[in-house]
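A short worksheet on the structure shown next.
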Amino acid sequence: MSASFETWRDRFERLRAHKAFELTVITIIVVSALLIGARTYEEETNRFQELILALDTAVTVFFLVEILIRMAAERRLRDFFRRGWNVFDFLIVTASLVPLDDSEMVLLARLLRIFRVLRLVSMIPELRMLIAALFKSIPRMGYVALLMFIIFYIYGAIGSFLFASVDEQLWGNISVSMLTLFQVATFESWATAVLYPVMEDYPYAWIYFLTFIFLNAFIFLNMMIGIVLDVMQKESLAIELENGEGEAAVLHGLRQDVSQLREQLDRMEATLGAGRGDARVDKHGGD
């Protein structure tokens, strides 16, 4: 590998790690999101069609240059694709290259450009940690969701058997009853639309609804939150340990450099001391 290539790679690496470069990329992502929002206004889009198209092209070119800089900053190209977020950014940028002026591809191109907003996640470490925690908590949350479904199914069957005569549209069968219970769980007008009509025929129906709400809105919801918080805490601890290991590696390297410098100084002092001793011997021998 030539020295000039290494020099350019080091420059790209410093540029990639520079805070101003990251802020610029985040700003362009926000501009891209605003352009996507502007396209939803038909009148404004027709008036500034050429301007929006030019800005979109400029944003696409910037993203292409930015991803090329990040790829060039790697020692080996395959190292770039070993990180999942890099692959995600590469796919988003590649999808953005679909032209907007093609009438057959314009809808697909607009849909693909929407996903450029997701690049904010890959650029901000805190968002990356949240997404990673969310995906890692899905398996554990799945068991809670399965238990919630079982409770929904049982209560839906009971509600269908008991309250179908009150309102066929809300309690006609188990599937409709489960949708009604979902409305109850979200507290969306559940008292006036669901609870009070049922209590006119079944005064003790409040026990059915309150126990269901207690199970779903308090117990299961808190279990979901607890799982996410636990995974987030582990992710945060892992990031801190990773940063600590990186700092420890740097300190270890510095200590090694200092030790090597000390050894070189000791050798130089020994050489100078030997040279002075030889000079004294020659001087006394001349006398």
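The values are calculated or read from the model by the stated rules, or taken from the named source; none is laboratory data. Being a predicted model, the structure only gives us computed values, none of them experimental. Cβ atoms come from the backbone with ideal geometry, glycine included; neighbour counts cover every protein chain shown. These area figures cover heavy atoms from the full protein model, side chains too; ligands, DNA and RNA do not enter into them. Shrake-Rupley method; radii C 1.70, N 1.55, O 1.52, S 1.80 Å.
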**OP:** May I ask you to verify whether L77 is over 30 Å from V184 (Cα atoms) and free of Cβ contacts under 8 Å to residues at least 12 places away in the same chain?
**Re:** yes
Original post:
Tell me, which helices (runs of 4 or more DSSP H) lie completely within the stretch 164-223 with 2 or more residues that are modelled with pLDDT under 85, in the same structural domain as M148 (by the TED database) and of a type in the set (D, E)?
Top reply: none
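One line per residue, one yes/no per condition, for (1) touching a His at 6+ places or on another chain (Cβ under 6 Å); (2) of a type in the set (V, I, T); (3) exposed (fewer than 15 other Cβ atoms within 10 Å of the Cβ):
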| residue | (1), (2), (3) |
| --- | --- |
| F90 | no, no, no |
| V117 | no, yes, no |
| L147 | no, no, yes |
| G156 | no, no, no |
Original post:
From the list R78, R70, which one is within 20 Å of S122 (Cβ to Cβ) and open to solvent by 70 Å² or more (accessible area, probe 1.4 Å)?
Top reply: R78
**OP:** For the stretch 172-192, name all the residues that are over 13 Å from G159 (Cβ atoms) and either open to solvent by 50 Å² or more (accessible area, probe 1.4 Å) or in contact (Cβ under 8 Å) with a residue 12 or more places away in the chain (or both).
**Re:** T186, F187, E188, S189, T192
**OP:** Test L134 against the stated conditions and say whether it is closer than 21 Å to I36 by Cα and exposed (fewer than 15 other Cβ atoms within 10 Å of the Cβ).
**Re:** no
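Is at least one residue of the stretch 52-64 of a type in the set (F, W, Y), modelled with pLDDT of 80 or more, surrounded by 11 or more Cβ atoms within 10 Å (Cβ to Cβ) and in contact with a helix residue (DSSP H, G or I) (Cβ under 9 Å, 6 or more places away or on another chain)?
yes
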